[in-house]
Each structure stands twice: as structure tokens, then as C-alpha cells.
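Some notes on the structure that comes next.
What follows draws every value from the coordinates through simple rules; no lab data is involved. None of these values were measured; they are calculated from a predicted model. Ideal geometry is used to build each Cβ from the backbone, glycine not excepted, and the neighbour counts take in all protein chains shown.
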Amino acid sequence: MKTERAPPILDFSAFYGNDATAKQKLVDDVRQCCLHNGFFQITGHPIPLELQEGVMNWNKKFFDLPLEEKSKVSLQTNTWNRGYELLRSQILEEGTQPELKEGFYVGDDIPKTHPYFVNKRLNSGPNVWPAGLAGVDDFKRTTQAYYYAAVALAKDILKVLALTLDLPEDFFSAYAAGAVATMRLLHYPPQQSDSDAKLARGIGAHTDFGGITILMQDEVDGLQVWDKEVADWFDVTPIKGAFVVNLGNLMMRWSNDRYISNLHRVINRSGKERYSIPFFFSGNPDYVIECLPNCKREGEESKYAPTTVEKAVLGGYSDSYGRAERYKKAQEAQGEKVPVVAAKEVAVA
Ligand SMILES: O=C(O)CCC(=O)C(=O)O
Ligand SMILES: [Fe+2]
């Protein structure tokens, strides 16, 4: 395990406290991370450990369901990104095999009368729930309570990010109002120890598409963050109660590439089942992303034309799913069917 250059652990409680020096130190540390590789970890946040553990337990129980039950709430049954995603549905890293992870997508529970649903806006519609899961009402309650707690935490993190750019604390509030965010419960079956050489991935090297991501890991490692200065991967050891926070492509573009959206990946060589819950904060779909103040010098040009949140995020999706589809078609053309199997059937070395 290489951990020496892993994202630092910052105590986020300084943001809520009255100690101005501690708060300034937090802001300075976050700024440093944003400039370096866009990754840090936080403890001292307001999401109770009990809620974190509650949603993680449900994550495990959901993936224990038979494939038939999970498939009843397939992502394919709707167009707004809710429900179950099979193993091997995505390839985020060009040249690698379809990824060894299965997922369950949850978002804001948008009713069908809401203008976002009516107008088919980014990832907007009602959640779907697996009727065959014993205790499904508690699954729903816990998962949604965690989702809305993550939305609130994302808004606080954005306040700290505003301060890192010497902007008013509420600078991102219009971007965050009416925000779209997606959360996925993820399960990575164990992989063979030579997975790297065989280009097998839990999730291939990628950057996230949205504004910020808040990730909860269970106790099993596997997440790695790229460090371009030393050209190597570093392991992010899970810490009970902590979150990994990283900036997405939207934030990088918005800051004129001053802040980094960094490569990361998962290879689960632990021999154990790995579970995680990333929460992707995209923002208000109509919000126009245009070079932030203090992110270019006098007379310097912005590198990117203004675009909306919705356009920027949708562009990222079509690339990654298109790759998995092309891979499967190419394999099938060679007479090799890419198996769609339940996680438990994946061979382990
Ligand atoms: O599962 C993890 O630890 C990371 C997941 C991730 O990077 C993603 O879903 O974008
Ligand atoms: Fe990611």
C-alpha cells in the first residue's frame, strides 16, 4: 500500500466553529488541495456516523438480492438515471475491460409533476425502490435521509471553496439552488491480484463530471488517486466516518483549470467485497459556468466558452457509456459474449 501522498484529512468542524484562525487554516488547506490535485478528506462534518453506517448497511443488503430482484429496478426502466446498473456496464478508462462494479442510483425524489421531470432535465424524476427487499421502507428512508444530508454538506463545502477563491461565502448559492445531484450505491466484487496487468478495473481511471463529489468508503480499500508530480497511484485508506471530497470537471473548467479535477480509480484486490457511496453534486442544470472571478489574471483569456451545468455533465456520460457499448459490440462481433452475471459469480484468484 502506498499512502504517503494520499489526500490529507482535514477537520471540517472549523467551518462551523467560532475560531477564526482555525477556519482560515481550513480554507488555506482546502485551497492547497484544490490547486494540487483536487482531493481531500474530511472529518468533523455534521453527518452522523449512525446515518453513514445505516446507508452502508442497506447498500450491502441491496446487492445481496438475487439478480432477478435487482433487475426489476433496472436503470433501463427509466430515462432519468434511477435504479440498478449491472456489472460491466461502464468503461471509464479507454482500453480497459468493462468495470467490475454494480450500482444503484438514487437522487432527489422529483415527482412527475415537477418542471424538471416535465421538461426532461438532467437526472430528474422519482426514485425507484426494490419491492422484493425486506424492509424496503427503511431502505428508502435511510437512503434518502443520507442523500439530503449530503446535499446540505455539499453546500457547506461550496462555501469553503468560495472562501478559498477570496469570494463571498455565499458565492455558489445560485449554482446550488435547485441543484441536481446523483448518488450511487456501489458494490465491487473482489478482483484477481493481477488485475492491473490484465486491465481489469472496479472503476477505470477517470475524473468526475460534476462540481464536487463526496465519497463514503466502507472499510475495504481499493480507491487510488493519481499523483502527477511523482507519476504514481496512492491508496486512500478508508477512515471510519470520514468522507473523501474531490473536485469534478465542472469545477476545473469553471476555475479556468486553476483547480484540479483529478484521475482516480478502484481496483479491489482485497479479497473482500467492497462497497462505497459516491455522491455527485452537479448543480442547477440551467446555471451558466463561466470563468470564476480570481481565476484569470488581468488581460488573460478564459480557456473555455460559457456552458450550462446540464450540457457539461451530459457530455461526460455519453463518452463513458458509449465506450462500454462499443467494447461489447466488438467482442460480440468476434463471437465472444461479454457475460452479464451476478457479482457473486465473479471468479476470484
Ligand atoms: O468507489 C469509489 O471509491 C470511487 C467511485 C468513483 O470514483 C465514482 O463513482 O466516480
Ligand atoms: Fe469518481
Task: Sites Thr237 and Thr79 - FRET efficiency at Förster radius 51 Å, r taken between beta-carbons, to 0.05 - done: 0.85
- [ ] Using per-residue counts of other Cβ atoms within 10 Å, averaged over each peptide, order 182-188, 12-18, 204-210 from highest down.
- [x] 182-188, 204-210, 12-18
Open item on the list: I'd like the orientation of helix 20-36 relative to the chain: the angle between its Cα long axis and the longest Cα principal axis, in ° from 0 to 90, rounded to 10.
Closed with: 60 degrees
Task: Residue exposure sequence - Ile203, Ile289 - by fewest surrounding Cβ within 10 Å - done: Ile289, Ile203
TODO: Obtain the nm distance between the two label points defined at Leu49 and Arg5 by a simple spin-label model: each point lies 7 Å from its Cα along the Cα-to-C-beta direction.
DONE: 3.2 nm
- [ ] First measure r as the distance between the Cβ atoms of Leu314 and Leu35, then evaluate 1/(1 + (r/R0)^6) with R0 = 41 Å and state the FRET efficiency to the nearest 0.05.
- [x] 0.90
Open item on the list: With a cap of 15 neighbouring Cβ atoms within 10 Å, and only residues DSSP puts in a loop, list the chymotrypsin sites (Phe, Trp or Tyr not before Pro) found in region 92-155.
Closed with: none
TODO: Fewest Cβ neighbours within 10 Å first, please rank Met216, Met251, Met1 accordingly.
DONE: Met1, Met216, Met251
- [ ] Check the straight Cα-Cα distances from Lys303 and name the lysines below 29 Å, setting aside those fewer than 8 residues away within the same chain.
- [x] Lys155, Lys159, Lys228, Lys311
Task: Stretchable slack from Asp137 to Leu167, in nm (0.36 nm times residue separation minus alpha-carbon distance) - done: 6.6 nm
Task: Footprinting exposure proxy for Cys295, Cys33 (fewest neighbouring C-beta atoms within 10 Å first) - done: Cys295, Cys33
Task: Around Ile110: net Lys/Arg minus Asp/Glu count, Cβ-Cβ under 12 Å - done: +2
Task: trypsin sites (Lys or Arg not before Pro) lying in DSSP loop within region 82-141, provided at most 13 other Cβ fall within 10 Å - done: Lys112, Lys120
- [ ] Please identify every one of the GluC sites (Glu not before Pro) in region 30-89 that sits in a loop by DSSP and has no more than 15 other beta carbons within 10 Å of its own beta carbon.
- [x] none
Open item on the list: Suppose the chain between Ala174 and Asp64 were pulled fully straight at 0.36 nm per residue; how much longer would it get relative to their current alpha carbon spacing?
Closed with: 35.6 nm
- [ ] For n ≥ 4 DSSP H runs only, could you compute -39500 (n - 2.57) per run for the chain, divide by its residues and tell me the 222 nm figure to the nearest 500?
- [x] -10000 deg cm²/dmol
Task: Nearest-ten-degree value, helix 309-333 long axis tilted from longest Cα axis of the chain - done: 30 degrees
